[in-house]
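The values are calculated or read from the model by the stated rules, or taken from the named source; none is laboratory data. These figures come from a predicted structure and were not determined experimentally. Glycine also receives a Cβ, built like all others from the backbone with ideal geometry; neighbour counts cover every protein chain displayed. The accessibility values were calculated without ligands, DNA or RNA, using every heavy atom of the protein model including side chains. Shrake-Rupley method; radii C 1.70, N 1.55, O 1.52, S 1.80 Å.
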Amino acid sequence: MPEEKRVNVSKAVSTRRPKLKPKLGQHFLASDSFALQIVDALGDVSQNTVLEIGPGRGALTSLLANRARRLIAVELDRVLAAQLRLRFGMFPNVEVIEADILSIDFDSLFGPKPGLSRPGIEFKPTPTRVIGNLPYYITSDILLRLFDYSKYFETLVILVQREVADRIAAKPGSRDYGLLSATAQLHARVEKLFTLPPGAFAPPPKVHSTALRLTMAPRQHELGLDGDRQIADGFIDFLKLSFGQKRKTLWNNLKSTYPEPHLRSALSQARVKPAARAETLSLQESAALFRALRQNHDGS
Ligand code: SAM
């Protein structure tokens with residue numbers, strides 16, 4: 001009888017080079033100095049919780065494990081997550097979660113814990129910093145989700161496709177300004193940090209990548225949009241509608257939703273020309289139009 005093969009499971013997981021999954025945007029950082037630059041951009045995290053999105057083979061994780069008070073790394077790939085768990089098992093501050101970042105329940109991760117909240121005392125989340133060389137196929141979805149839960153986050157340092165970084169940082173009136181720019185700039189101050197060539201990754205992607213820092217600085221109050229969640233969400237829906245069809249004027253994008261007389265008077269109240277396009281409006285102008293439309297609608 002052949003001798004039974006004994007498999008050391010932990011060794012098998014730790015040494016196996018997992019098959020690359022291009023669909024998951026797996027382009028791993030191949031440069032230690034760039035990894036260092038990205039982690040440095042997050043600042044001193046010795047007192048912070050850091051959320052790492054898509055740790056992959058751990059290029060950023062290994063630096064963060066030595067710096068962060070607590071590190072939560074969310075990886076979708078089962079084999080990579082298992083390898084990370086083994087590699088960082090000795091770090092009591094590191095938690096690897098095998099999950100899709102788009103379905104992580106941030107409220108249970110960062111919100112008040114049952115039994116710990118006291119009546120009359122408002123729960124104040126400790127701000128978390130977020131880092132990630134993002135899987136490009138879901139960059140916008142990840143950002144929109146982080147903005148939805150922005151109360152938990154203070155700074156995001158992310159690596160995204162260069163063209164997407166240009167859109168996130170674009171100013172109103174420029175070719176790249178659109179829904180993603182407006183939404184990002186409603187929630188955060190955006191800084192472009194540096195750009196990496198495809199050769200900085202293995203395997204190299206077809207595009208350049210840009211590191212961005214987004215410092216959360218919600219503008220809803222300044223824009224007269226705070227009050228309740230409905231108003232803030234309503235403004236995002238309004239932006240989606242305004243940017244609905246890129247080549248169309250605001251009038252054409254909005255007229256199927258708002259009665260024409262209301263739209264006409266709101267545009268004039270907000271001093272916005274009906275022939276203007278959404279990408280030419282500052283956030284103040286968009287917010288003024290949204291407020292005027294709400295007033296006219298509520299008052300009708
Ligand atoms: N951080 C590593 C680095 O810089 O070398 C890997 C970055 S790689 C561009 C993106 C990582 O995100 C991959 O490890 C991939 O498996 C993971 N990923 C893809 N989709 C994901 C998702 N929905 N949720 C969490 N992680 C995901």
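Could you order peptides 53-66, 235-248 by the average number of other Cβ atoms within 10 Å of their residues, highest first?
Highest mean packing first, the order is 53-66, 235-248.
With a probe of 1.4 Å, find how much accessible area the range 3-216 has per residue, and write the answer as a whole number in Å².
Normalised by residue count, the accessible surface of the range 3-216 is 52 Å².
Would you kindly give the portion of the calculated P(r) for the range 64-186 that falls above 18 Å, as a percent of all Cα pairs?
Here the tail beyond 18 Å accounts for 62 percent of pairs.
Contact order normalised by length for the range 229-298, with contacts defined as Cα pairs under 8 Å and 6 or more residues apart; what percent is it?
The normalised contact order for the range 229-298 reaches 33 percent.
Report for the chain the percent antiparallel among DSSP-assigned beta bridges with both residues inside it, nearest 5.
The answer is about 45 percent antiparallel.
Considering Cα pairs under 8 angstrom that are at least six residues apart, work out the relative contact order of the range 3-216 and quote it in whole percent.
20
Which ³J(HN,Hα) values in Hz, rounded to whole numbers, follow from the phi angles of the range 145-150 under the Karplus curve 6.51 cos²θ - 1.76 cosθ + 1.60, where θ = phi - 60° and Gly and Pro get x?
5, 5, 5, 4, 10, 4
Quantify, in whole percent, the carbon and sulfur part of the accessible surface of the chain (1.4 Å probe; protein heavy atoms only).
With neighbouring chains kept in place, the figure for the chain is 52 percent.
What are the residues whose amide H is under 5 Å from the amide H of F201, where those residues sit 5 or more places off or on another chain and H is modelled from the backbone?
A30
D for the range 229-298, whole µm²/s, Stokes-Einstein with Kirkwood Rh over alpha-carbon pairs at 25 °C and 0.890 mPa s: what number?
My calculation gives 209 µm²/s for D.
Calculate one ³J(HN,Hα) per residue across the range 169-174 by plugging θ = phi - 60° into the Karplus curve 6.51 cos²θ - 1.76 cosθ + 1.60, and present them in order as whole Hz with x for glycine and proline.
So the Karplus estimates, Gly and Pro as x, are 8, 4, 9, x, x, 8 Hz.
Counting Lys and Arg as +1 and Asp and Glu as -1, each charge on the Cβ, what is the dipole of the range 3-216 about the Cα centre in debye, to the nearest 20?
The dipole magnitude comes to about 340 debye.
Using the structure shown, select from K21/K206; K113/K151; K21/K151 the pairs with a Cα to Cα distance greater than 25 angstrom.
K21/K151
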